[in-house]
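**Q** One structure follows; several queries about it will come next.
The values are calculated or read from the model by the stated rules, or taken from the named source; none is laboratory data. Since we're looking at a predicted model, the values are computed, not measured. Neighbour counts run over all protein chains shown; Cβ positions are idealised from the backbone, glycine included. Protein only, heavy atoms only, side chains kept; ligands, DNA and RNA dropped before computing areas. Shrake-Rupley method; radii C 1.70, N 1.55, O 1.52, S 1.80 Å.
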Amino acid sequence: MEGITYLFLNAMTVASILMVVGLGLAIIYGLMELINFAHGEFVTIGAYTLVAADLLGGSFWMALLCAPIVGALFGILMERVLIRYLYDRPLAVILATWGVSLIIRQGIQLTFGAKGFGVSDPLVGTMSIVGVEYPVYRLFLIVTALSIMATCYLIIRYTRFGLDVRTVIQDREMAACMGINTRRINLMAFSAGSALAAIGGVLIAPLGNVLPHLGLGYLAKSFFVVIVGGVGNIAGVAAGSCLIGGLETFFNYHIPVSLSQALVLILAIVIVRYRPQGIIPK
Amino acid sequence: MKWNPIIFRFKLPPTLKQLVDERIWLVAFIGLAGLLLAYPLWADGYSLNLVRDMLIFGIVALSLDWLWGKGGMLSFGHAAFFGIGAYSMAITSINLDWGFSSLLGLFASVAIPGIIALLIGYFLIFAGVRGAYFVIVTLAIGIVSQQAAISWVSVTGGDSGLLGIPPLGFTLGDHRFQLDNSLSLYYVVLTVALLSLLFLWQLSRGLYGNLLKGIENNEKRAQSLGHNTSLHLLIVMISSAMLAGLAGGLYASCTGFVAPDLLSLMLSTEIFVWVAVGGRGTLLGPFIGAFIIMRLQQVVSSISTGLWPLVIGAIFIIIVFVFPDGILPFIRKFVVRFKLLFEKSGVKHGR
Amino acid sequence: MAAKLLETSNIKKYFGGLKVLQDVNISLDYGELLCILGPNGAGKTTFFNVISGTFKPTGGKVVFEGKNIAGLPIHKYARMGIMRKFQVPSIFDDLSVRENLAVAMIANRNSAPSNDRIMEVIDIIGLKTFIDTEAGNLAHGQKQWLEIGLAIITDPKLLLLDEPTAGMTADETAKTASLINSLRGQYAIIVIEHDMHFVRALNSYTIILHKGTNFREGSFSQIESDPEVKEIYMGRK
């Protein structure tokens, strides 16, 4: 019984991070129909914001506040300088963002070094929950991720801005005709998506070593989350994260990490074959 | 499966533009082939091996161009097929103690990537996965296969890879035949490169090339005319993976070792750049792109090793914004303009 | 044996709760020309999508030469001899006119490809001076004709033309009408249109599709003089 609870909580931890990062990707993809191959680097930027805060004597909480701002600023810069010229060339966006991704990754490596940084746990100790002792920080992470999801859901569902966003997702041209400033929505979507990835980065950092290619693994995984869950809705992102995070955690208990990731990939491909609604644009 | 050979036999009368194109291509091909065939006359052993490796990477780039330039599907994890080919060669020939094990290894290096491409391709292509989605999934395949190579230590040797791959050859009774000197390896690789290049060119200059172009243009139309487009694309993907695998097998037996960076994302990225710089869809361009970019890599790395990823990143952005067609189409445009000019003045003088 | 080329019985197509087609019945002989008329939203294109394999019908049968063909993959329809021209010109933009036709020709294994046949079709569709022009550079009407050429090059049994005159000038429309009239008798043809004038020029058996069902059918003059048909078109009640 205890084993199952641990398994569940561990799966929730992985799924929570995927949720936040995947949501960022889903916002950019759902709204702009653009695929951002530098999304993983925004996770890295978030994690290194924490590293920088640590080195400068700041706290985790400060980094958690700063990271989304840093992420959003980088996002705005990227949208203004590159992406906005490429809206009608989806493949070019992939290539340009991949170029940016390479530059950011190497830039971080040249600035901070290739060696990993360990970040101290902001919340030490364990807490007793449904009969098991579980690290407080991980519980905090799960709660934070869920509240971010809930907030986004409420914004999209109940605010004027959310209505605009839903309209753009439905039909971009029609939305523009009805007086919605789609360019502004694009910019906001891109910065919001980048900010979410950066928050994800800060949350991940205390769990392990922070390395320059930290975000790369999350790039592929968050794509699977969006693909499996289905494009264009928050519930899909949540479902996709739980599926991918759950499967990976479960497999990790029984087989080597790399094999389990290969298995998750294969499963994602099979899902795509039989439930293509997720992967095929309407 | 019914395969219609008429696609390969039936020829349309070429237009003037096509004739010019083909002449440029043939001149470039013959020039390059002649240069490479004669290269051992003055090259030392070290540079011979260097050019041989470049040619192998050129074959990988060719295989990506076949998939992306002709089939319209961009793979962002193409090094996976190359690396799997190399590892298949290594594992088979190291572990099997048999007179023909290195030949069997070469066979495996073609067959295994082909089978993997068949499985993945069947699921993706018949599900209608195209364009950007294909890029994402192949990227993921690249990441996962690299991780597998690093952490499946008992088979792949992990980070340190596998050493001691025997050279290509076979033992029959007491007779032993082995390709273990630089010169013969160079010519084997060159032959494979030139033959595969000629073969794919010949295949795609006729109606089959038109068909592939048509599928990329308007797949729905091709389907409703009666073409089984998914099957055509699947065949292109499998053959591309097999060619990349063959290059991997050759690389493994030439260098004698394999390591996880053979299927790294960085290599996939570089393969893409070779094709894009050389000229997508030209088949010959990727070789030229591979030569130029690898040369540039040597220069940049000699300044500072950390600089190269930044340069590659910048090249991506340059490709997107300034140089979307690549070198060969650029030269073509130039030659066509020059030729038109020449012909016009020729006519004037003639009359 | 008096088997029909194509018979549909009680074709239904629902999208969720939206009932686009309810009980569409047509029957067509070899070489016959049929026009399906109807206002926008009557379900004409959906009906074409069903009989050309793009959609699987929710209910009913599509019987082609005695076989129920509903639900087969799209490329099989073409190989049986059903060819379709889409409403928006759908051709291979980067290929020349000649190459377009060649790619269409090799799709069907029943006929041997030949350059003569390509030239013959180019003649029929009147694009002789544009043989080596890239299809993307053709004028709108020429693209439509090229698409008809793609459809007829393999000598199909049934030709489906979805609004062949959409977006054409009056001159182009007249040319298209005479092109279709010249193909009459060689292939069975179904034309869907909302333009009465064009259908008048074809003057064939006509079905009015309205709200997803056969509303009226008969010769064009019968249809034209039907007061209820006029109501549908004029919106009088």
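**Q** Would you work out the relative contact order for chain C, in percent, from Cα pairs under 8 angstrom that are 6 or more residues apart? It would help to have the intermediate numbers written out before the result.
**A** Numbers: 436 pairs, mean separation 62.5, N = 237.
Rounded, it is 26 percent for chain C.
**Q** With the full set of protein chains in place, find how many percent of the accessible area of the stretch A:2-214 is carbon and sulfur; take the probe as 1.4 Å. Before the final figure, lay out each step's value.
**A** Working: 6190 of 9300 Å².
Answer for the stretch A:2-214: carbon and sulfur cover 67 percent of the accessible area.
**Q** Given the Cα-Cα distance of B:Leu50 and B:Leu103 and 0.36 nm per residue of separation, how much length would full extension add, in nm? Before the final figure, lay out each step's value.
**A** Working: separation 53, 0.36 × 53 = 19.08 nm, distance 2.35 nm.
Value of the extension gain: 16.7 nm.
**Q** Dipole of the stretch C:1-147 (Lys/Arg Cβ +1, Asp/Glu Cβ -1, origin at the Cα centre): which of C:Tyr77, C:Leu18, C:Val121 lies farthest to the positive side?
**A** Result: C:Leu18, furthest along the dipole toward the positive end.
**Q** Just to confirm my numbers, what's the Cα centroid distance between the stretch A:163-186 and the stretch B:71-86 in Å?
**A** Here the two parts' Cα centres lie 38 Å apart.
**Q** Here is a further query. Which residues of the stretch C:43-88 show a drop of at least 40 Å² in accessible area when all protein chains are present, compared with their chain alone (probe radius 1.4 Å, heavy atoms only, ligands and nucleic acids excluded)?
**A** In the stretch C:43-88, residues shielded by partner chains: C:Ile74, C:His75, C:Phe86.
**Q** Continuing with the same structure: Which of these, B:Leu67, B:Leu119, B:Leu212, has the largest mean-square fluctuation under a Gaussian network model of chain B (Cα springs below 10 Å)?
**A** B:Leu119
**Q** How much of the DSSP bridge set in the stretch C:49-206 is antiparallel, in percent, rounded to the nearest 5? Can you show the working numbers first?
**A** Values: 3 of 13 bridges.
Just about 25 percent of them are antiparallel.
**Q** So how do A:169-175, A:192-198 stack up, highest first, on mean other-Cβ count within 10 Å?
**A** Working: A:169-175: 14.0, A:192-198: 29.7.
In decreasing order of mean packing, A:169-175, A:192-198 become A:192-198, A:169-175.
**Q** Now, a different point. B:Thr171: accessible area at probe 1.4 Å, nearest 10 Å²?
**A** 50 Å²
**Q** Taking the simple approach of a point 7 Å from Cα along Cα-to-Cβ for both B:Ala43 and A:Thr144, what is their distance in nm?
**A** 5.5 nm
**Q** Would you be so kind as to identify which of A:Gly125, A:Gln109, A:Phe161 lies farthest towards the positive end of the dipole of the stretch A:2-214, taking Lys and Arg as +1 and Asp and Glu as -1 on Cβ and the Cα centre as origin?
**A** Among A:Gly125, A:Gln109, A:Phe161, the one farthest towards the positive end of the dipole of the stretch A:2-214 is A:Phe161.
**Q** If you don't mind, there's one more thing I want to ask. Any idea how far the Cα center of the stretch C:44-99 sits from the one of the stretch C:3-43, in Å?
**A** 13 Å
**Q** Moving on. Taking each residue of B:199-208 in turn, how many C-beta atoms of other protein chains fall within 10 Å of its C-beta, and what is the average? Write out the running numbers ahead of the final one.
**A** Details: counts 0, 0, 0, 0, 0, 0, 0, 1, 6, 2.
So the per-residue partner count for this stretch is 1.
**Q** Identify which of A:Gly236, A:Gly125, A:Gly215 has the largest mean-square fluctuation in a Gaussian network model of chain A, with springs joining Cα atoms closer than 10 Å.
**A** A:Gly125
**Q** Follow-up question, since we're still on this one. Hey, any idea what % of the stretch C:77-147's accessible area is carbon plus sulfur with a 1.4 Å probe? Write down the numbers at each step before the final one.
**A** Numbers: 1160 of 2500 Å².
Carbon and sulfur together cover 46 percent of it.
**Q** At what distance in nm do the modelled label points of A:Glu173 and B:Leu198 sit from each other, each positioned 7 Å from its Cα along Cα→Cβ?
**A** Between A:Glu173 and B:Leu198, the label points sit 5.0 nm apart.
**Q** Return the percentage of antiparallel bridges among DSSP beta bridges fully within the protein assembly as shown, rounded to the nearest 5 %. Don't jump to the answer; show the numbers that get you there.
**A** Working: 32 of 51 bridges.
Taking every DSSP beta bridge within the protein assembly as shown, about 65 percent pair in antiparallel fashion.
**Q** Right, here's the next one. What's the total accessible area buried between chains B and A, using a 1.4 Å probe, rounded to the nearest 100 Å²?
**A** On the way: alone 18090 and 14010 Å², together 28730 Å².
Its buried surface, counting both partners, is about 3400 Å².
**Q** Given the options B:Leu124, B:Ser182, B:Ile59, identify the residue whose Cα lies farthest towards the positive end of the charge dipole of the protein assembly as shown (+1 on Cβ of Lys, Arg; -1 on Cβ of Asp, Glu).
**A** B:Leu124
**Q** Mind checking which of C:Ser225, C:Ser178, C:Ser27 has the largest fluctuation in a GNM of chain C, springs on alpha carbons under 10 Å?
**A** Evaluated over chain C, the most mobile residue of the options is C:Ser225.
**Q** Given a Förster distance of 35 Å, report the FRET efficiency between A:Leu154 and B:Lys220 from their Cβ-Cβ distance, rounded to the nearest 0.05. Write down the numbers at each step before the final one.
**A** Numbers: r = 41 Å, r/R0 = 1.16.
After rounding to 0.05, the efficiency reads 0.30.
**Q** Given a Förster distance of 30 angstrom, what is the FRET efficiency for B:Met266 paired with B:Phe321, based on the Cβ-Cβ distance and rounded to 0.05? Walk me through the intermediate numbers first.
**A** Details: r = 22 Å, r/R0 = 0.74.
Given R0 = 30 Å and the Cβ-Cβ separation, E is 0.85.
**Q** Counting only the backbone N, which residues of the stretch A:108-127 are under 13 Å from the spot 7 Å out from the Cα of B:Ile303 toward its beta-carbon?
**A** Answer for the stretch A:108-127: none.
**Q** How big is D, in µm² s⁻¹, for the stretch C:57-165 by Stokes-Einstein at 25 °C and 0.890 mPa s if Rh is the Kirkwood radius over C-alpha pairs? Working shown, then result.
**A** Working: Rh = 14.6 Å.
For these conditions, the coefficient is 168 µm²/s.
**Q** How high is the relative contact order of chain B? Use alpha-carbon pairs under 8 Å, at least six apart in sequence, and give a whole percent.
**A** Numbers: 498 pairs, mean separation 106.6, N = 351.
Relative contact order of chain B: 30 percent.
**Q** Any chance you could give the angle, 0 to 90 degrees and rounded to 10, that helix A:136-158 forms with the longest Cα principal axis of chain A?
**A** Result, in degrees: 20.
**Q** I've got another one for you. Nothing charged except the Cβ atoms of Lys and Arg (+1) and of Asp and Glu (-1): what's the magnitude of the dipole of the stretch A:2-214 about its Cα centre? Round to the nearest 20 debye. Mind dumping the intermediate values first?
**A** Numbers: 12 positive and 11 negative charges, 97 e Å.
For the stretch A:2-214, the charge dipole is close to 460 debye.
**Q** Relative to the longest principal axis of the C-alpha atoms of chain C, give the angle of the C-alpha long axis of helix C:170-183, reported between 0 and 90° and rounded to the nearest 10°.
**A** 90 degrees
**Q** Report C:Asp195's accessible area, 1.4 Å probe, all protein chains in place, as a number in Å² to the nearest 10.
**A** Counting only protein heavy atoms, C:Asp195 exposes about 50 Å² to solvent.
**Q** Cα axis of helix B:182-205 to longest principal axis of chain B: angle in degrees, 0 to 90, nearest 10?
**A** 40 degrees
**Q** Could you give the Stokes-Einstein D for chain A in µm² per second, using the C-alpha Kirkwood radius, 20 °C, 1.002 mPa s?
**A** Details: Rh = 19.3 Å.
D = 111 µm²/s.
**Q** Sum -39500 (n - 2.57) across every DSSP H segment of at least 4 residues in the protein assembly as shown, then divide by the residue count to get the 222 nm mean residue ellipticity, nearest 500.
**A** Numbers: 35 runs with 548 residues, N = 870.
Here the helix-only value at 222 nm equals -21000 deg cm²/dmol.
**Q** So how much slack lies between C:Ala170 and C:Asn68, counting 0.36 nm per residue of separation and subtracting their Cα-Cα distance, in nm? Before the final figure, lay out each step's value.
**A** Values: separation 102, 0.36 × 102 = 36.72 nm, distance 3.94 nm.
Gain on extension, C:Ala170 to C:Asn68, equals 32.8 nm.
**Q** Right, another one. Please state, as a whole number in µm²/s, the translational diffusion coefficient that the Stokes-Einstein equation yields for the protein assembly as shown at 4 °C and 1.567 mPa s, with Rh defined as the Kirkwood radius across alpha carbon pairs.
**A** Numbers: Rh = 30.4 Å.
The calculation lands on 43 µm²/s.
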